[in-house]
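The values are calculated or read from the model by the stated rules, or taken from the named source; none is laboratory data. Note that the structure is a prediction, hence the values are computed from the model and not measured. Counting neighbours? That spans all protein chains shown, and the Cβs are built from the backbone with ideal geometry, glycine included.
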Amino acid sequence: MACVMDGNGRWAAQRSLPRTAGHRAAETTVIDVIEAARSAGVGWLSLFAFSTENWRRPDSEIAFLMCLVRRVIRKHAPLLHARGIRCRFLGMTDPRIPPELAGDIADLMTLTARNRQMTLTVAFDHGGRRDIVEAARSLIRSGVLAEAVTEETFAAHLPFSDTPDVDLVIRTSGEQRISNFMLWQVAYAEWVFPQVLWPDFRAPDFLQCLEAYRRRERRFGGVLPNQNGGTQA
Ligand code: IPE
Ligand code: IPE
Ligand code: MG
């Protein structure tokens, strides 16, 4: 499952604080949600932290986010490792990413590489379209014949291609859009859009979203066995 962590700026604005205060407050939610997901038995959790479009924000906000992520990683690496969480970062190709941050991220990925309790994928400098374009490039480079390209071979060229399709996406703050998030992997995801802003989102909200997901009827384009509309065989 995945979270589009949205609403930090509005959370801060409601308190007449700078947007950065909302990002700072988001740290508690991130840890809360990781713990809640692990306890609920979620095997794969992805968090959307920074999009390829977020580079359009003011330099000061971007710089703040880079520092914040670095601080959060350094502070919580021992906890994540102790909980058996494998951490990895999806995206991370822009040269504007500070080398110190890239270094800390590489260290965290190495430290936790063998953990299997849960895989945490942080989408950072991530864009769904960019991943698809990169997969196309990688396929062409591999010399595969056009006729041999299937959905499976294509998906194998996406970054972290072992990540299963997303079943549930939670986007906080009431915004209802994809914002270029894991486009390929969310093809058949269920979405929930809680109104609560990300810094206020807590484990009980998370469990409510899981509950909403359990009530959904997933059809994948088909019909359920007991809903054949009375058609006689
Ligand atoms: C999400 O909160 C965090 C990032 C995109 C980094 P926003 O910063 O988008 O908050 P709003 O949407 O302005 O409230
Ligand atoms: C999407 O949120 C990216 C992240 C949550 C990291 P935004 O707040 O940047 O998305 P838009 O601009 O409202 O679509
Ligand atoms: Mg936003």
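Could you tell me which residue of region 36-92 is farthest from ligand 3 (Cβ to nearest atom), considering only residues that are more than 23 Å from Asn8 (Cβ to Cβ) and part of a loop (DSSP other than H, G, I, E, B)?
If we take residues in region 36-92 being more than 23 Å from Asn8 (Cβ to Cβ) and part of a loop (DSSP other than H, G, I, E, B), then Gly84 is farthest from ligand 3 (Cβ to nearest atom).
Taking Glu211 and the conditions (1) over 20 Å from Arg10 (Cβ atoms); (2) part of a loop (DSSP other than H, G, I, E, B), which numbered condition does it fall short on, given that it satisfies the others?
Single failed check for Glu211: (2).
Going through region 1-25 one residue at a time, which ones are more than 11 Å from ligand 3 (Cβ to nearest atom) and under 15 Å from the mean Cα position of the chain (by Cα)?
Met1, Ala2, Cys3
Please pick out the residue among Ile34, Ile97 that is crowded, with 20+ Cβ neighbours inside 10 Å and not charged (D, E, K, R).
Result of the check over Ile34, Ile97: Ile34.
Which of the residues that make up region 149-191 are among the acidic types (Asp, Glu) and either within 15 Å of ligand 1 (Cβ to nearest atom) or loosely packed, with under 13 Cβ neighbours inside 10 Å (or both)?
If the condition is that a residue be among the acidic types (Asp, Glu) and either within 15 Å of ligand 1 (Cβ to nearest atom) or loosely packed, with under 13 Cβ neighbours inside 10 Å (or both), then Glu151, Glu152, Asp162, Glu175 are the ones that fit.
Being modelled with pLDDT of 95 or more, more than 20 Å from the chain's Cα centre (by Cα) and surrounded by fewer than 18 Cβ atoms within 10 Å (Cβ to Cβ), is that true of even one residue in region 113-130?
Yes, region 113-130 contains at least one residue that is modelled with pLDDT of 95 or more, more than 20 Å from the chain's Cα centre (by Cα) and surrounded by fewer than 18 Cβ atoms within 10 Å (Cβ to Cβ).
Being β-branched (Val, Ile, Thr), in contact (Cβ under 8 Å) with a residue 60 or more places away in the chain and touching a Cys at 6+ places or on another chain (Cβ under 8 Å) is the filter here, so list the residues in region 147-200 that pass it.
Val169, Ile170, Thr172, listed by residue number.
If you scan region 118-177, which residues turn out to be at negative phi, outside any loop (DSSP other than H, G, I, E, B) and charged (D, E, K, R)?
Arg129, Arg130, Asp131, Glu134, Arg137, Arg141, Glu147, Glu151, Glu152, Arg171
Note down all Cβ pairs under 6 Å where the first residue falls in region 12-24 and is within 15 Å of Cys67 (Cα to Cα) and at pLDDT 95 or above, the second is within 11 Å of ligand 1 (Cβ to nearest atom) and small (Gly, Ala, Ser), and they're at least six residues apart or on different chains.
Arg19/Gly9; Arg19/Ala12; Ala21/Ala12; Gly22/Gly9; Gly22/Ala12
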